[in-house]
1. Take the residues of segment 380-413 that are of a type in the set (Val, Ile, Thr), over 16 Å from the mean Cα position of the chain (by Cα) and part of a helix (DSSP H, G or I): which is farthest from residue 95 (Cα to Cα)?
2. Looking at residue 454, is it within 30 Å of residue 111 (Cα to Cα), buried (at least 19 other Cβ atoms within 10 Å of the Cβ) and out of contact with any Leu (no Cβ under 7 Å at 6 or more places or on another chain)?
3. Could you tell me which residue of segment 194-204 is modelled with the lowest pLDDT, considering only residues that are over 10 Å from residue 153 (Cα atoms) and assigned to a strand (DSSP E or B)?
4. If you go through segment 325-345 one residue at a time, how many are more than 18 Å from residue 427 (Cα to Cα), of a type outside the set (Ser, Thr, Tyr), surrounded by 21 or more Cβ atoms within 10 Å (Cβ to Cβ) and in contact with a Ser or Thr (Cβ under 8 Å, 6 or more places away or on another chain)?
5. Please identify the pairs in which a residue from segment 351-375 that is part of a strand (DSSP E or B) has its Cβ atom under 9 Å from the Cβ atom of a residue that is surrounded by fewer than 23 Cβ atoms within 10 Å (Cβ to Cβ) and of a type in the set (D, E, K, R), counting only partners at least 6 apart or on another chain.
6. Which one is nearest to residue 328 (Cα to Cα) among residues in segment 112-137 that are of a type in the set (A, V, I, L, M, F, W, C) and part of a helix (DSSP H, G or I)?
7. What number of residues within segment 380-413 satisfy the criterion of being out of contact with any Ser or Thr (no Cβ under 8 Å at 6 or more places or on another chain) and of a type in the set (A, V, I, L, M)?
8. Quick check: anything in segment 255-263 within 34 Å of the chain's Cα centre (by Cα), touching a residue at least 40 places away in the same chain (Cβ under 8 Å), surrounded by 15 or more Cβ atoms within 10 Å (Cβ to Cβ) and on the phi > 0 side of the Ramachandran plot?
Amino acid sequence: MKPRYIVLFIICLLAGLALLCMLFPSGGIRLGDTTLRFPTLTEALDVPEEPVDTDTVAILSPEEIMEQRLEALKTEKMDEFHEYCQQDASRLYLPDDDETYLDAFFEKMQNAGNRHLRIMHYGDSQIECDRITSFLRQEFQEEFGGQGVGLIPALQTVPTYTTGQSLAGGHAVQYMAFGPKGSRGSSDFYGPMAKRTELSDTATISITARGGKDYSHSCTFNKITVLTKDAAKLNLMVRGDTIAMDSANVGEMYFYTARIGGASSATIGVKGRASILGIQLDGARGVNVDNLPMRGCSGPELMNINRASIRPFLARENVGLILLQYGGNSVPYLTKAKLPGYKERMKNMIGMFRQMAPEARIIFIGPSDMATSDSTGAVRSYGVLPETVKTLREAANESGAAFWNMYEVMGGNGSMAKWVRSGLAGSDYVHFTPSGAKKMAHMLYETLQFYYRFYRFRTGQDKVELPEEDSLAVDSL
């Protein structure tokens, strides 16, 4: 018999049985002393339930049930964290995928109320005027305490949002580890800002902290320190009073420090010659965040700094995090053939900071999207950008540093044109506007906060809790 006839026969048989179940009298048919019965359709189709193991249910107490549900919530929360770390565009690429990489920094951050913590933000012109850094500083200081803008140069050539300053009298020359070769000077002792200001005769440096409501924590400081290459004769005036400064010689550097009980302005008098490596406007405790912009710098130029002019500062200042934001100045000149050599130079630069500040954590921030006009006049993103970003990510991770992909965060290829149209970037298709810089800083801070929440969850400082209705249901048992 053919298969289709067999199937048809079975279907007809089942249909006949179903019809019989429906038509057969529910009370059966009585034949003499015998009653013939046939199951109803409902009875024929009924599937018995699995028996409940009442003994197993009785074993679990309400506390054990709650513990099981809490464990399920913990697993769900951990899965959410891991999904972000693996897929979100704003995630950090951690060296060796080590989710504990930033733990040492977070521990210091939580303890900033007892001992000041320093964050140093090195970068190119994208962070000039205290852009990006100023927002990060405000957020860190709002949550963990702190005052002041941190490191500033004795001679400020680019105005900032947060500090007004001027230099009068004497003769001042600034030497830098980056920029035109004519700015190098005869000594490579540039200090942590990668610049040194040589003063002669009698000079006065006037400083006023500002920032308004947007950067309220930058408006005052209660500790001021002047870093110099050699011993110097300094005179500090605050609110019309002369303030004594304590001096300390660490390695080949000198630190002149005064605690001033909260001020928004100060005047530093210099007599004779002085080589000033920087001026710190800090809080006694909390988080201090330095803005260290270097126009035209690609990153490897930092290797020009004499290690002896920065290592004592890094050791003394409890530096917990170093942000390195470079790559944008290199993009217009890079080709795929040049990327391997560029990668090695960046690895050497990152390695220098790791060697000088072994307890600090390093995050390399890659370049944003950048665009230029092609031969037809159309504005397009640089074709080498994706490969450059990939190269920098590899350089950072292979050097033991984390990487934040600003290119992907802002939208990837073609995103700079969209930011320009939205007023978030300038007409040069390279730099952010103040509102764009603030938006980018906000995204970076939110990323750091995510990993901080992950750290607190992993270390048991933040615990999951059952929803109230779920907890009440368990209690009712």
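The values are calculated or read from the model by the stated rules, or taken from the named source; none is laboratory data. What you see is a predicted model; the values in this text were computed from it and never measured. Cβ sites come from the backbone with ideal geometry, for glycine too, and all protein chains shown count toward neighbours.
1. In this case the residue turns out to be 388.
2. Working: within 30 Å of residue 111 (Cα to Cα): yes; buried (at least 19 other Cβ atoms within 10 Å of the Cβ): yes; out of contact with any Leu (no Cβ under 7 Å at 6 or more places or on another chain): yes.
Yes: the conditions hold for residue 454.
3. 200
4. Step one: list which residues in segment 325-345 are more than 18 Å from residue 427 (Cα to Cα), which gives 325-327, 330, 333-345.
Now narrow it down to the ones that are of a type outside the set (Ser, Thr, Tyr): 325, 327, 334, 336-341, 343-345.
If we keep only those that are surrounded by 21 or more Cβ atoms within 10 Å (Cβ to Cβ) as well, we get 325, 327.
Restricting the remaining residues to those that are in contact with a Ser or Thr (Cβ under 8 Å, 6 or more places away or on another chain) gives 327.
Number of matching residues: 1.
5. Short answer, once both residue conditions are applied: 361/103; 362/354; 364/393; 371/380; 372/380; 373/380.
6. Start the filter on segment 112-137 by keeping residues that are of a type in the set (A, V, I, L, M, F, W, C), which leaves 112, 117, 119-120, 127, 129, 132, 135-136.
Going one step further and asking which of them are part of a helix (DSSP H, G or I), we end up with 127, 129, 135-136.
Details: 127: 12, 129: 17, 135: 21, 136: 20 Å.
Residue satisfying both the conditions and the ranking: 127.
7. 7
8. Narrowing segment 255-263 to residues within 34 Å of the chain's Cα centre (by Cα): 255-263.
Adding the requirement that they be touching a residue at least 40 places away in the same chain (Cβ under 8 Å) leaves 255, 262-263.
Then keep just the ones that are surrounded by 15 or more Cβ atoms within 10 Å (Cβ to Cβ); that gives 255, 263.
Filter once more, so that each one left must be on the phi > 0 side of the Ramachandran plot: none.
Taking every residue of segment 255-263 in turn, none turns out to be within 34 Å of the chain's Cα centre (by Cα), touching a residue at least 40 places away in the same chain (Cβ under 8 Å), surrounded by 15 or more Cβ atoms within 10 Å (Cβ to Cβ) and on the phi > 0 side of the Ramachandran plot.
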